[in-house]
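Taken together, the values in this text are just the output of simple stated rules run on the coordinates, not laboratory data. Because the structure is predicted, anything quoted here is derived from the model rather than measured. All Cβ positions, glycine included, derive from the backbone under ideal geometry; neighbour counts span all protein chains shown.
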Amino acid sequence: MDTAIKISALNKTFHGGRKALHDVNLHIQAGEMVALIGASGSGKSTLLRHIAGLMAGDAAAQGMIEIHGKTVQQNGKIAADIRQIRAGVGFVFQQFNLVDRLPVIVNVLAGTLHRVPLWRSLLRWFTAAEHACGIEALQRVGIAECSRQRASTLSGGQQQRAAIARAMVQGAKVILADEPIASLDPESSRKVMDILARVNREDKCTVVVSLHQVNVALKYCPRTVALHHGRVVYDGPSVALTPALLRELYGAEADDILSLGDHITSLQDKPHRVAAHPAWPQPMALAA
């Protein structure tokens with residue numbers, strides 16, 4: 001089975017000596033949908049930014065990250081061809097990262113800029129086929145009627161769906177979503193997570209999504225990776241993350257994680273438990 005993301009011995013130390021990532025080792029197979037969980041400051045966003053090549057790890061640690069066999073970074077240095085590698089990686093930010101003054105369709109078609117001539121990107125000139133591709137992506141996320149509106153006129157949930165549509169147009173084989181529902185209301189959160197799950201299922205796209213809510217991870221992601229102070233303390237089926245195990249992994253901090261209820265699932269919609277991936281080893285729980 002193809003390995004989509006391979007991380008070996010990744011460490012990150014910020015100025016002042018604060019250790020953000022401690023010897024992270026992960027293999028994520030193509031087509032998986034994986035949740036990253038952990039309290040604020042656990043290293044979720046930092047890890048995603050390293051995977052995307054937006055940050056470099058510690059040089060002394062000789063860490064390495066590969067995406068579909070291509071080196072993103074090694075020994076603290078970002079690969080020279082990182083722009084080409086990023087073309088296959090869609091990053092969905094918590095704050096949407098759209099250009100407010102531009103129409104939604106232009107924001108979505110920004111996903112094509114890696115494969116169009118520079119002069120066309122500067123003029124924001126897109127072919128009829130590219131425009132049709134953008135509209136199709138907006139239809140898939142349910143906001144095609146907003147294509148000509150300025151991005152600033154959309155709700156937070158609509159903006160996040162536009163960001164996912166941009167990743168679709170980009171043709172990303174890996175989508176990294178950094179707290180995509182943190183600032184959204186329950187219904188918008190449900191729609192965003194449903195769309196990410198559908199892209200994973202229909203497009204065979206690898207999705208790694210950081211979440212605060214454990215129950216949301218259980219509902220949508222068969223596999224969960226739990227971080228604690230920059231360390232991987234659990235890697236395995238989401239269904240095994242019981243409150244007792246979370247307390248064992250996180251200690252007193254587990255109460256903060258467990259207090260964040262599943263704001264997506266209503267009383268009439270009981271969460272389902274997704275099946276474990278057949279290629280996984282047994283759940284791995286490490287000492288915090």
Longest principal axis of the chain (C-alpha) makes with the long axis of helix 186-202 (C-alpha) an angle, in degrees to the nearest 10, of 90
Per-pair calculated FRET efficiency, R0 = 30 Å: D194 and D23 via Cβ, rounded to 0.05: 0.30
Can you compute the helix-only [θ] at 222 nm over the chain? Use -39500 (n - 2.57) per DSSP H run of at least 4 residues, normalise by all residues, nearest 500 deg cm²/dmol. -9000 deg cm²/dmol
Which of rounded, prolate, oblate describes region 89-172, given a ≥ b ≥ c as roots of the alpha-carbon gyration tensor eigenvalues and a/c under 1.5 marking rounded, otherwise prolate only if a/b is larger than b/c? rounded
Using the count of nearby Cβ atoms within 10 Å as a rough guide to exposure, how do T206, T46, T3 rank from fewest to most? T3, T46, T206
Exposure-ranked with fewest Cβ neighbours within 10 Å first, E179, E145 stand as E145, E179
Restricting to aspartates and glutamates and to Cα separations under 16 Å from K12, and discarding same-chain partners fewer than 8 apart, the set is D23, D58
Translational diffusion coefficient (Stokes-Einstein; Kirkwood radius from C-alpha pairs) of the chain at 10 °C, 1.306 mPa s, in µm²/s: 81
So if each residue of separation counts as 0.36 nm, and I subtract the Cα-Cα distance between F93 and L245, what length gain in nm does that give? 51.8 nm
So, relative contact order of the chain in percent, Cα under 8 Å, 6 or more apart, is 22
By counting other Cβ atoms within 10 Å of each Cβ, how are R49, R86, R201, R166 ranked from fewest to most? R201, R49, R86, R166
If R0 is 30 Å, what FRET efficiency do you get for A132 and S152 from their C-beta distance, rounded to 0.05? 0.75
Taking 0.36 nm per residue of sequence separation and subtracting the Cα-Cα distance, how much length would be gained by fully extending the chain between Q62 and A144, in nm to one decimal? 24.9 nm
Hey, how much of the P(r) for region 22-167 falls beyond 22 Å, as a percent of Cα pairs? 50
